[in-house]
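Note sheet for the following structure.
The values are calculated or read from the model by the stated rules, or taken from the named source; none is laboratory data. Because the structure is a prediction, the values reported are computed rather than measured. Cβ: placed from backbone, ideal geometry, glycine included. Neighbour counts: every protein chain shown.
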Amino acid sequence: MLSIPIPGGPQFALAHLVLDYNGTLAEDGLLLAGAAERIAVLAEQLTVHVVTADTFGSAAQQLDGLPVQLQVLPGSGQDVAKRALVQSLGAAQCVAVGNGRNDALMLAEAGLGIAVIQAEGAARAAIDSADILCRSLCDALDLLLRPKRLSATLRNA
């Protein structure tokens with residue numbers, strides 16, 4: 001469990017990290033530099049879930065050895081499936097990170113939604129559904145590793 005108080009705002013009690021794979025955690029099917037190390041540390045406090053259509057067929061191999069639960073989704077209805085996963089975990093206890101149009105519903109549903117803009121860009125729907133927009137996955141994960149950054153961004157007092 002990761003508890004993060006936000007002055008004048010929500011008090012996060014996070015148990016799950018839900019990550020989109022392609023465009024968020026990986027580029028062209030390959031895990032981004034710095035991702036594995038951050039996930040390993042965060043997995044000490046959060047259950048890490050990776051959801052993907054596995055466009056490049058490399059997710060399982062790239063994530064091998066990491067403390068994550070991988071869920072490969074069918075080709076259609078991915079947005080609804082991602083939201084359903086967040087709901088089943090208890091949305092208020094989830095932080096979700098994504099960049100695509102099919103991530104918008106999970107970003108909106110999660111207690112904390114973080115959109116990232118990287119090589120693939122980010123869909124307007126994902127940006128509009130997120131609580132925070134970051135320039136990279138590592139920046140997004142660092143918000144959780146250094147919660148005062150998150151507090152400074154979301155504070156309302």
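Would you be able to say whether some residue in the range 144-151 is under 19 Å from LEU2 (Cα atoms), under 12 Å from the mean Cα position of the chain (by Cα), at pLDDT 95 or above and not hydroxyl-bearing (Ser, Thr, Tyr)? Walk me through it before giving the result.
In the first step, residues of the range 144-151 are kept if they are under 19 Å from LEU2 (Cα atoms); the result is 144-151.
If we keep only those that are under 12 Å from the mean Cα position of the chain (by Cα) too, we end up with 144.
Checking which are at pLDDT 95 or above leaves us with 144.
Restricting the remaining residues to those that are not hydroxyl-bearing (Ser, Thr, Tyr) gives 144.
Yes, the range 144-151 contains a residue that is under 19 Å from LEU2 (Cα atoms), under 12 Å from the mean Cα position of the chain (by Cα), at pLDDT 95 or above and not hydroxyl-bearing (Ser, Thr, Tyr).
Determine the pairs where a residue that is of a type in the set (Ser, Thr, Tyr), located within the range 17-32, has a partner that is surrounded by fewer than 24 Cβ atoms within 10 Å (Cβ to Cβ) and in a loop (DSSP other than H, G, I, E, B) with Cβ atoms under 8 Å apart, the partner being 6 or more residues away or on another chain.
Listed by first residue and then by second, the contacts come to TYR21/ASP54; THR24/GLY100.
ALA36 fails exactly one of the following numbered conditions: (1) crowded, with 17+ Cβ neighbours inside 10 Å; (2) free of Cβ contacts under 8 Å to residues at least 60 places away in the same chain; (3) of a type in the set (A, V, I, L, M). What is the number of that condition?
Against the list (1) crowded, with 17+ Cβ neighbours inside 10 Å; (2) free of Cβ contacts under 8 Å to residues at least 60 places away in the same chain; (3) of a type in the set (A, V, I, L, M), ALA36 comes up short only on (1).
Within the range 71-92, is there a residue that is surrounded by fewer than 20 Cβ atoms within 10 Å (Cβ to Cβ) and part of a strand (DSSP E or B)?
Checked the range 71-92: at least one residue is surrounded by fewer than 20 Cβ atoms within 10 Å (Cβ to Cβ) and part of a strand (DSSP E or B).
Quick check on ALA104: is it in a helix (DSSP H, G or I), under 16 Å from LYS82 (Cβ atoms) and not polar (S, T, N, Q)? Give the derivation first.
Values: in a helix (DSSP H, G or I): yes; under 16 Å from LYS82 (Cβ atoms): yes; not polar (S, T, N, Q): yes.
Considered against the rule, which asks whether it is in a helix (DSSP H, G or I), under 16 Å from LYS82 (Cβ atoms) and not polar (S, T, N, Q), ALA104 comes out as yes.
Can you tell me how many residues within the range 107-157 are assigned to a strand (DSSP E or B) and surrounded by 23 or more Cβ atoms within 10 Å (Cβ to Cβ)?
The first filter runs over the range 107-157 and keeps only residues assigned to a strand (DSSP E or B), leaving 112-116, 118, 121, 132-134.
Still in the list and also surrounded by 23 or more Cβ atoms within 10 Å (Cβ to Cβ): 112-116.
Residues that pass the stated criteria total 5.
Hey, any hits in the range 34-49 for a residue that's of a type in the set (A, V, I, L, M) and in contact with an Asp or Glu (Cβ under 9 Å, 6 or more places away or on another chain)?
At the first step, the residues of the range 34-49 found to be of a type in the set (A, V, I, L, M) are 35-36, 39-43, 46, 48.
Still in the list and also in contact with an Asp or Glu (Cβ under 9 Å, 6 or more places away or on another chain): none.
No, there is no match, as no residue in the range 34-49 is of a type in the set (A, V, I, L, M) and in contact with an Asp or Glu (Cβ under 9 Å, 6 or more places away or on another chain).
Within the range 52-69, does at least one residue satisfy the condition of being modelled with pLDDT of 95 or more, in contact with a Gly (Cβ under 6 Å, 6 or more places away or on another chain), over 15 Å from GLY23 (Cα atoms) and surrounded by 19 or more Cβ atoms within 10 Å (Cβ to Cβ)?
no
Check whether at least one residue in the range 74-85 is touching a residue at least 60 places away in the same chain (Cβ under 8 Å), within 22 Å of ALA130 (Cα to Cα) and among the small types (Gly, Ala, Ser), and report yes or no. Spell out how you get there, then give the answer.
As a first pass, look at the range 74-85 and keep what is touching a residue at least 60 places away in the same chain (Cβ under 8 Å): 82, 85.
Next cut, within 22 Å of ALA130 (Cα to Cα) only: 82, 85.
From the residues that got through so far, the ones that are among the small types (Gly, Ala, Ser) too are none.
So far as the range 74-85 goes, no, none of its residues is touching a residue at least 60 places away in the same chain (Cβ under 8 Å), within 22 Å of ALA130 (Cα to Cα) and among the small types (Gly, Ala, Ser).
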